[in-house]
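The values are calculated or read from the model by the stated rules, or taken from the named source; none is laboratory data. Note that the structure is a prediction, hence the values are computed from the model and not measured. For neighbour counting, all protein chains shown are included, and Cβ atoms are generated from backbone atoms with ideal geometry for every residue, glycine included. Just so you know, the surface numbers come from the protein's heavy atoms only, side chains and all, with ligands and any DNA or RNA stripped out. Shrake-Rupley method; radii C 1.70, N 1.55, O 1.52, S 1.80 Å.
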Amino acid sequence: MAADYTAARVNMIEGQIRPNKVTDPFVVEAFLAIPRERFVPEALAGVAYVDEDVPVAPGRYLMEPMVLARLVQELSLTRADKVLAVGVATGYAAAIMAEMAGSVVALESDPALVEAARKALAGVAGVAVVQGDLSAGYPAKAPYGAILIDGSVAEVPASLLDQLPEGGRLVAVVINAAGLGEARYYRKVGGVVSHRILFDAAVRPLPGFGRRAEFVF
């Protein structure tokens, strides 16, 4: 079965990730190195590599691989980076980024998922799983050179942007006024955070983030 999962990882990279404009060899190597099946419930291991969000708990999902890969690529991680992964669920995105960054703080609010992430990430160097309010970030270990929000949100709260240093960057999928998901890249320059839209993305919402009053289904 291990060989089947290895083949599935290669197929995910060649069929989903590379065709989606992911060209950074370090990102590709990270996705090849991390066994995605370890981060889903055992009953769903057989579908761990599908090009869809995979449920891992009620209302919680692993982000679609090709979207996650594009977001991680935009961060341009190096070993000099300390990363905050917000809403890490079972820890897959944190494990991917730990392959490239110096250290990763994996923030999760659900106690059961905190335990699941700690178990799944056992043996992965450089990752600390912490519990707390997702929208508040984790100021105890700030600042973070890079932040990834692992799910869609109505807006990126100032509490997270405040944890970026000068030159720090953040990626997230933000639901726009039309109700569509936009992958966005934020960067702090001269003490001011600006952003640009990267691509359209349909990503499951991350709980714990309030929606803007004007956003109505």
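Residues of region 150-162 that are assigned to a loop (DSSP other than H, G, I, E, B) and under 21 Å from R204 (Cα atoms): A154, E155, V156, P157.
Checking the condition at pLDDT 95 or above, open to solvent by less than 10 Å² (accessible area, probe 1.4 Å), assigned to a strand (DSSP E or B) and closer than 29 Å to R187 by Cβ, which residue from V88, V104 passes? Matching residue, one of V88, V104: V104. Just so you know, in region 16-37 the residues that are closer than 14 Å to E99 by Cβ and of a type outside the set (A, V, I, L, M, F, W, C) include one that is surrounded by the fewest Cβ atoms within 10 Å (Cβ to Cβ), and it is P25. Note on region 160-174: residues that are small (G, A, S) and over 14 Å from K141 (Cβ atoms) total 2.
Going residue by residue through region 2-15, is there one that turns out to be among the aliphatic types (A, V, I, L, M) and either open to solvent by 70 Å² or more (accessible area, probe 1.4 Å) or closer than 17 Å to V124 by Cβ (or both)? Yes: one or more hits.
Table: residues versus (1) on the phi < 0 side of the Ramachandran plot; (2) in contact (Cβ under 8 Å) with a residue 40 or more places away in the chain.
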position	(1), (2)
A128	yes, no
L148	yes, yes
G151	no, yes
E166	yes, no
R169	yes, yes
I175	yes, yes
A178	yes, no
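This table checks each residue for (1) surrounded by fewer than 19 Cβ atoms within 10 Å (Cβ to Cβ); (2) not in a loop (DSSP other than H, G, I, E, B).
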{"position": "R118", "(1), (2)": "yes, yes"}
{"position": "S135", "(1), (2)": "no, yes"}
{"position": "L148", "(1), (2)": "no, yes"}
{"position": "L164", "(1), (2)": "no, no"}
{"position": "G179", "(1), (2)": "yes, no"}
{"position": "Y186", "(1), (2)": "no, yes"}
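Checked against (1) open to solvent by less than 50 Å² (accessible area, probe 1.4 Å); (2) in contact with a strand residue (DSSP E or B) (Cβ under 8 Å, 6 or more places away or on another chain); (3) without any contact (Cβ under 8 Å) to a residue 60 or more places away in the chain, A57 passes all but a single condition, namely (2). The selection criterion, being among the basic types (K, R), open to solvent by 50 Å² or more (accessible area, probe 1.4 Å) and not in a loop (DSSP other than H, G, I, E, B), does not hold for R70. For region 166-177, filtered to residues that are within 20 Å of D150 (Cβ to Cβ) and assigned to a loop (DSSP other than H, G, I, E, B), the residue that is modelled with the lowest pLDDT is N176.
Could you go through region 47-60 and let me know if any residue there is part of a helix (DSSP H, G or I), over 17 Å from the mean Cα position of the chain (by Cα) and at pLDDT below 95. Taking every residue of region 47-60 in turn, at least one turns out to be part of a helix (DSSP H, G or I), over 17 Å from the mean Cα position of the chain (by Cα) and at pLDDT below 95.
For region 3-27, the tally of residues that are of a type in the set (V, I, T), more than 17 Å from V54 (Cβ to Cβ) and either touching a residue at least 40 places away in the same chain (Cβ under 8 Å) or in a loop (DSSP other than H, G, I, E, B) (or both) stands at 3.
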